[in-house]
Amino acid sequence: MEFKRYKFETQNGTVSYWDNIPDDGVKTAIYLTGGAHSGAVVRKIFSEVPENLRIVSIDFPGRGESDVI
């Protein structure tokens with residue numbers, strides 16, 4: 001399963017998120033965490049997700065590539 005990083009601008013800065021957007025996905029899950037998970041931990045978690053499930057993983061403000069608000 002391949003994940004790509006996307007970004008969008010808000011009036012308070014950039015928000016970054018990961019999305020796998022499967023072609024046949026009919027359900028979407030939002031991955032939220034307040035912890036200090038590394039990219040390796042998140043990739044391990046996502047490797048267990050069924051191929052037909054869309055996952056959106058948001059970088060909260062000040063985390064990953066999202067701006068500090």
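The values are calculated or read from the model by the stated rules, or taken from the named source; none is laboratory data. Here the structure is a predicted model, which means the values were calculated and not measured. For accessibility, only protein heavy atoms count, side chains too; no ligands or nucleic acids. Shrake-Rupley method; radii C 1.70, N 1.55, O 1.52, S 1.80 Å.
Once the Cα-Cα distance is subtracted from the 0.36 nm per residue extended length, the Leu32 to Lys7 segment shows a gain of 7.4 nm. Taking every protein chain into account, the 1.4 Å probe leaves Glu48 with about 130 Å² of accessible area, to the nearest ten.
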